[in-house]
1. Just a yes or no: is a residue in the range 47-60 exposed (fewer than 14 other Cβ atoms within 10 Å of the Cβ) and farther than 28 Å from Leu91 by Cα?
2. So which of Ser33, Ser66, Ser43 is of a type in the set (Gly, Ala, Ser) and either touching a helix residue (DSSP H, G or I) at 6+ places or on another chain (Cβ under 9 Å) or crowded, with 16+ Cβ neighbours inside 10 Å (or both)?
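None of the figures in this text is laboratory data; all of them are computed from the coordinates on show. Since this is a predicted model, take the numbers as computed values, not measurements. Neighbour counts are summed over all protein chains in view; Cβ atoms, including those assigned to glycine, are modelled from backbone coordinates with ideal geometry.
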Amino acid sequence: MRIDKYLWCTRYFKTRSIATEACKKGHIKLNGSNVKPSKDVFSGEKLTIRKNQINYEIIVLDTPKSRVGAKLVDLYRKDITPQEAFENQDLLKFSKDYYRKKGSGRPTKKDRRDIDGYSDED
């Protein structure tokens, strides 16, 4: 089975075209080397998938015939991603929160006028 189809079937990517782009950009490694989207994947091989700033490491157990449900994905792969990768993602999320609250965006005209009002009163 093609590696882009395997990644789509095991629900790592929402569409095959997104999986193909990830392969072309070098985000997918098979046994430590970059692969093209047409590379065949077989059971027992190790995949490294770079997605959302996390390096997922999986071992291919079997290839599905078509896209499988989320509950059945573990029949076709074994996830050996270290826990530190997920902890680093949490640290990145917390480091960005201190600057500005999520959803507040950039200051509006009203915010600027309020800020100018504080400096004019002094």
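1. Looking through the range 47-60, none of the residues is exposed (fewer than 14 other Cβ atoms within 10 Å of the Cβ) and farther than 28 Å from Leu91 by Cα.
2. Ser66
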